[in-house]
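Contents: one structure, followed by commentary.
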Amino acid sequence: MQETAPQGAPWAPTPRADTGPDPRRWWILAVLSLALFVIILNNGLLNVALPQLMRDLGTGVRGTQWIVDGYALVFAASLLTAGTLSDRYGRKRATLLGAALFGAASLVAITASGAGQLIAARAVMGLAAAFVMPGTLSILVDVFPKEERAWAIGVWGSTSALGVAAGPIVGGALVSHYWWGSVFLVNLLPVVVVLVAGALLLPESSDPTPRRSDPVGALLGATAMASLVYGAIHAAGDGWTSAPVLAALACAAGAAAVFVRWERRHPSPVVDFALLRKPAFLGAGAGNMLLFMGLAGTLFVLTQRLQFAMGYGPLKAGLAVAPLALAVGAGSALSPGLARRAGARGAVSAGLLVCSAGVLALAELPGGYLSVLTGLVLAGTGVGLALAPVTDTVMGLVPARRSGNAAALNDTLQELGNALGVAVVGTVLARGLGGAGHASAHDPAVRGALDGASGSAFRVAACVVAVGAVLAAFLLPGPHGDGTGGIRAAEPPEDRSDDRPDDRAAPARGGA
């Protein structure tokens with residue numbers, strides 16, 4: 001059922017009769033998945049272009065961390081505000097506006113002539129992506145009935161993971177034939193398709209009782225995240241106990257403390273603390289963040305190891321990572337059945353453990369591509385198993401009118417995981433290399449140092465994902481015989497008396 005805006009709003013959608021599920025819903029899912037795919041693709045699109053970037057822009061590991069993280073960090077820092085605005089002004093409107101801005105920023109990135117300009121363009125792309133991503137999930141929840149929603153979320157979640165995996169492949173193919181700026185050309189056609197098809201197909205929805213904005217809370221949250229990532233990245237060169245790094249971490253802690261205090265007193269906080277008090281949300285949110293932290297860090301290191309230590313070109317390195325995408329799809333196909341039998345707890349914790357084992361295999365198995373392939377297949381399968389039940393758990397904890405804000409909070413944790421993965425795991429790599437750098441990678445001694453440093457980085461990434469598995473095992477609900485396989489949270493639902501009838505507990509739309 002479609003929600004409507006307050007009466008008299010100039011952008012209010014026309015209510016449609018509740019005659020059953022929207023017959024266009026699978027086309028709508030295709031548009032939403034394409035929008036999600038292109039913004040997630042850009043998290044890893046530059047990974048295989050990093051060696052060329054280092055040469056052309058004269059930057060090192062720290063500079064490339066900022067080029068990669070400039071996107072993910074602004075993405076994460078803007079999501080909560082973007083989700084609140086999309087709930088207020090319309091999710092379709094926010095999604096299409098974000099897609100248009102994303103395309104414009106991609107054009108700037110294509111012509112960037114220095115690291116600073118490229119970082120700035122990537123930051124604007126991150127801001128645009130923040131307006132796209134929450135709408136994709138909240139519109140999906142709105143148009144799919146209960147019995148189809150888990151599958152639709154599975155497709156949506158698989159698209160997200162496939163975007164992470166496909167980034168190195170697409171980037172590698174382009175960098176092998178063109179200059180590094182060509183990796184941003186791939187954004188333009190999908191953006192045009194999303195804008196045209198989205199204008200025709202996507203339904204508009206919004207919160208009929210929108211919350212007040214909270215710019216102070218949004219600024220404090222962004223400051224805390226930015227300071228944390230800044231400290232982690234600069235630890236690569238300065239060390240964890242250096243004055244700049246300690247100052248950044250102290251700033252992060254202080255901003256976080258003030259943020260919590262402010263949010264608890266604000267009548268319409270950007271973070272719903274009632275949601276944070278639910279064990280199911282903590283387990284799902286932490287599992288999601290740590291999963292993507294481990295995955296993003298692993299891909300950041302692996303694409304460099306393949307090129308610098310194993311001698312692969314950009315295209316070959318991208319293709320070498322391709323099995324991850326296939327494994328994600330296989331894991332996603334198995335996920336609904338596993339969730340029905342074992343609940344969210346079993347599906348998510350099992351997926352995270354399998355992913356952790358795959359990342360660890362990259363560090364511990366003998367050298368050569370066979371060990372890389374084994375690790376990627378395990379890691380991708382684990383991602384596919386975990387992602388849909390994690391997302392479905394979060395979205396099942398809130399009323400439909402608040403889906404944009406809940407989706408934004410879920411996405412914030414995921415993107416913060418991406419940013420921290422590149423920052424922390426990349427810093428382990430840089431510290432392990434010491435002064436060796438990548439410039440002399442043809443030297444056998446340097447290759448040996450890179451192998452050792454990447455092994456340490458993979459072990460850290462594997463531990464991060466394993467911690468997520470432990471938290472999921474303790475906090476997520478198991479199977480309860482509720483017809484959803486335990487994916488829905490065990491806590492009682494919030495009062496929805498002011499919402500539309502909750503089709504999650506009602507017969508399917510159009511049914512008797």
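The values are calculated or read from the model by the stated rules, or taken from the named source; none is laboratory data. Keep in mind the model is a prediction, meaning the values are calculated, not measured. Cβ sites come from the backbone with ideal geometry, for glycine too, and all protein chains shown count toward neighbours. These area figures cover heavy atoms from the full protein model, side chains too; ligands, DNA and RNA do not enter into them. Shrake-Rupley method; radii C 1.70, N 1.55, O 1.52, S 1.80 Å.
Take ARG93, ARG277, ARG345, ARG305 and sort them by solvent-accessible surface of the protein heavy atoms, 1.4 Å probe, largest at the top.
Final ranking, largest accessible area leading: ARG277, ARG93, ARG345, ARG305.
Cβ under 11 Å from ALA130's Cβ, ALA130 left aside: what net charge do those residues give with Lys, Arg +1 and Asp, Glu -1?
Surrounding charge for ALA130 is -2.
If packing is taken as the average number of other Cβ atoms within 10 Å across a peptide's residues, how do 386-393, 102-109 rank, most packed first?
386-393, 102-109
Taking a ≥ b ≥ c as the square roots of the eigenvalues of the Cα gyration tensor of the range 177-303, is the shape rounded (a/c under 1.5), prolate (a/b larger than b/c) or oblate?
oblate
At 1.4 Å probe size, with every protein chain present, just tell me what the per residue accessible area of the range 45-140 comes to in Å².
Counting only protein heavy atoms, the per-residue value for the range 45-140 is 27 Å².
Suppose the chain between GLN117 and LYS316 were pulled fully straight at 0.36 nm per residue; how much longer would it get relative to their current alpha carbon spacing?
Details: separation 199, 0.36 × 199 = 71.64 nm, distance 2.85 nm.
Answer, rounded to one decimal: 68.8 nm.
Nearest 20 debye, what's the magnitude of the dipole of the range 252-407 about its Cα centre given +1 on Lys and Arg Cβ and -1 on Asp and Glu Cβ?
The dipole of the range 252-407 has a size of about 500 debye.
Whole-Hz Karplus ³J(HN,Hα) for the range 461-467, in order, using 6.51 cos²θ - 1.76 cosθ + 1.60 and θ = phi - 60°, x for Gly and Pro?
Listing the rounded values in order: 4, 5, 5, 4, 5, 5, 4 Hz.
Run the simple label-point estimate for LEU334 and TRP240 please: 7 Å along Cα→C-beta, distance reported in nm.
Each label point is offset 7 Å from its Cα along the Cβ direction, giving 3.4 nm.
What full-extension length gain, to one decimal in nm, is calculated for ALA253 and LEU185 as 0.36 nm per residue of separation minus the Cα-Cα distance?
20.6 nm
Step through the residues of the range 339-346 one at a time and calculate ³J(HN,Hα) from phi using the Karplus curve (6.51 cos²θ - 1.76 cosθ + 1.60, θ = phi - 60°), rounding each to whole Hz and writing x for Gly and Pro.
Result, ordered by residue: 5, 5, 7, 10, x, 4, 4, x Hz.
May I ask you to give the solvent-accessible area per residue for the range 142-284, in square angstrom, as obtained with a 1.4 angstrom probe? Show your work: numbers first, answer last.
Numbers: 5800 Å² over 143 residues.
Per residue, the range 142-284 has 41 Å² of solvent-accessible surface.
Can you tell me the order of 283-291, 63-71 when each peptide is scored by its average per-residue count of other Cβ atoms within 10 angstrom, highest first?
Peptide ranking by packing, descending: 283-291, 63-71.
Please calculate how many Å² of accessible area the range 302-433 carries per residue, with a 1.4 Å probe and no DNA, RNA or ligand atoms counted. All intermediate terms of the calculation are to be shown ahead of the outcome.
Numbers: 3490 Å² over 132 residues.
On a per-residue basis, 26 Å².
To the nearest 20 Debye, how big is the dipole of the range 63-177 about its Cα centre, given +1 on the beta carbon of each Lys and Arg and -1 on that of each Asp and Glu? Don't jump to the answer; show the numbers that get you there.
On the way: 7 positive and 5 negative charges, 43 e Å.
Taking the Cα centre of the range 63-177 as origin, the dipole is about 200 debye.
On a full-extension model of 0.36 nm per residue, what is the gain between VAL196 and ARG212, subtracting their alpha-carbon distance, rounded to one decimal in nm?
Taking VAL196 through ARG212 to full extension adds about 2.6 nm, to one decimal.
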